[in-house]
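Single-structure report; data block below.
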Amino acid sequence: MQQLLDRFLALDEIGMQLKHLTLSEKDWDQVTAMLAFLQWPHCIQQVMSKDANLVLAGALPIMECFLEGWECLAEAEPRLKPLIKSGLHRAQTYYSCMDNTDA
């Protein structure tokens, strides 16, 4: 993605006008970290939905995998820990509601 954006910004007059928007290496590191952060909820959504119908058969195991994945990511990416902590709080609340049902 970084190479594609850099090539676009070098193409023509419009690209040159937008050259000041080029991301630094630190910025790209943050983009990469955010992609890792967003990968987990995206994966869960893909697994739990099929043809616009919710698939519940694997809901608890996939939620457990999701929670563990984010906990590991929080350890690996300390700068994302505040975001992950907030997301984990909501996900754990939801998981507790699912776990406490008789279904």
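Structural remarks
- When every residue of segment 90-102 is checked against the conditions, at least one turns out to be touching a residue at least 12 places away in the same chain (Cβ under 8 Å) and touching an Asp or Glu at 6+ places or on another chain (Cβ under 8 Å).
- Tally, over segment 33-42, of residues that are without any contact (Cβ under 8 Å) to a residue 24 or more places away in the chain and touching a helix residue (DSSP H, G or I) at 6+ places or on another chain (Cβ under 9 Å): 1
- Tally of residues being at pLDDT below 85 and of a type in the set (K, R) across segment 10-33: 1
- Residue that is farthest from the chain's Cα centre (by Cα), among those in segment 1-13 that are open to solvent by 100 Å² or more (accessible area, probe 1.4 Å) and farther than 24 Å from A33 by Cα: E13
- Only one entry of K26, K81 meets the criterion of being in a helix (DSSP H, G or I) and either small (G, A, S) or surrounded by fewer than 11 Cβ atoms within 10 Å (Cβ to Cβ) (or both), and that entry is K26.
The values are calculated or read from the model by the stated rules, or taken from the named source; none is laboratory data. Note that the structure is predicted; figures quoted are calculated from it, not measured. Positions of Cβ are backbone-derived with ideal geometry, glycine not excepted, and every protein chain shown enters the neighbour counts. Side chains are part of the model used for accessible areas, which takes the heavy atoms of the whole protein and leaves out ligands, DNA and RNA. Shrake-Rupley method; radii C 1.70, N 1.55, O 1.52, S 1.80 Å.
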